[in-house]
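J.: Below is the structure I would like to discuss, written out as structure tokens.
The values are calculated or read from the model by the stated rules, or taken from the named source; none is laboratory data. In this text the structure is predicted, and so the values were computed from the model without any measurement. So basically every Cβ, Gly included, is an ideal-geometry build from the backbone, and we count neighbours across all protein chains shown. SASA here: full protein model, heavy atoms, side chains in, ligands and nucleic acids out. Shrake-Rupley method; radii C 1.70, N 1.55, O 1.52, S 1.80 Å.
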Amino acid sequence: MTTESSKISLGFSLALLFFAIHYSALSDAAELQEITDIKFAFYSSQWGAPTDDGMRLIALNQTEEELRLDSIEFLKDEQQAEPIPIAINLSIPPMGYAEEEFEYIDLLRGNECIDRTLEENWRLAEVSNYTLNPSVRNLIIENTESFRIYQCVENVKTTWTNIVTNNQFEVTEWVLFHFETRREN
């Protein structure tokens with residue numbers, strides 16, 4: 001084997017290894033994600049600029065019975081940070097929405113992906129347990145060269161109670177930190 005073909009072979013092997021590691025991480029996150037009865041998203045104006053505003057949670061009950069969202073705990077399992085538990089206690093009507101206001105909670109700490117993304121001048125738009133499609137936020141992106149979306153993944157433990165049956169459910173699922181940026185002209 002020539003030196004050039006050895007370099008190509010090594011480069012190909014490294015690319016395959018990188019793909020395998022990346023695919024494994026995505027596969028693990030996908031395995032954690034279950035079809036959940038509650039979809040939710042956190043928003044805060046503090047993510048755009050320092051303010052005294054808190055956080056807002058919007059939750060969607062995807063069932064035919066009333067649910068109570070008891071808590072969401074940001075596990076921070078791959079980071080060297082303590083978990084962030086949030087007691088919620090929010091009743092959500094069947095097939096309906098509910099929202100709650102909170103004091104600001106720093107959900108961004110202890111995550112290298114988030115730190116790196118914020119350093120690159122991205123703006124955090126929301127944190128949710130569903131994939132964000134720009135059309136969901138009424139965004140029409142005509143020029144993808146000037147508008148970009150990026151996401152960081154983290155695991156949470158979500159706990160809710162079916163009010164009708166009094167059964168409590170707990171699921172470990174992922175949330176996505178949805179970032180947006182507009183390129184400077």
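J.: Given the residues GLU64, GLU103, GLU119, which is the only one that is over 17 Å from GLU154 (Cβ atoms), without any contact (Cβ under 8 Å) to a residue 12 or more places away in the chain and open to solvent by 80 Å² or more (accessible area, probe 1.4 Å)?
T.: GLU119
J.: Scan the stretch 32-56 residue by residue and report those that are at pLDDT below 80 and assigned to a loop (DSSP other than H, G, I, E, B).
T.: GLN33, GLU34, ILE35, GLY48, ALA49, PRO50, THR51, ASP52, listed by residue number.
J.: Give the residue, chosen from ALA59, ALA29, that is open to solvent by less than 50 Å² (accessible area, probe 1.4 Å), at pLDDT 50 or above and under 16 Å from the mean Cα position of the chain (by Cα).
T.: Checking each option against the conditions leaves just ALA59.
J.: Would you check if there is a residue in the stretch 46-58 being touching a residue at least 60 places away in the same chain (Cβ under 8 Å) and within 18 Å of GLU154 (Cβ to Cβ)?
T.: yes
J.: Which one is surrounded by the fewest Cβ atoms within 10 Å (Cβ to Cβ), of the residues in the stretch 78-98 that are part of a strand (DSSP E or B) and polar (S, T, N, Q)?
T.: Applying the filter and picking the extreme gives ASN89.
J.: When you go through (1) at pLDDT below 85; (2) open to solvent by 40 Å² or more (accessible area, probe 1.4 Å); (3) not basic (Lys, Arg) one by one for PRO134, which number turns out not to apply?
T.: All conditions are met except number (2).
J.: Failed condition for GLY110, given (1) open to solvent by less than 40 Å² (accessible area, probe 1.4 Å); (2) within 19 Å of TYR43 (Cβ to Cβ); (3) at pLDDT below 95, with all others met?
T.: (2)
J.: Ok, one more. For the stretch 67-77, which positions are open to solvent by 30 Å² or more (accessible area, probe 1.4 Å), under 19 Å from GLU154 (Cβ atoms) and of a type outside the set (Asp, Glu)?
T.: Selection gives SER71, LEU75.
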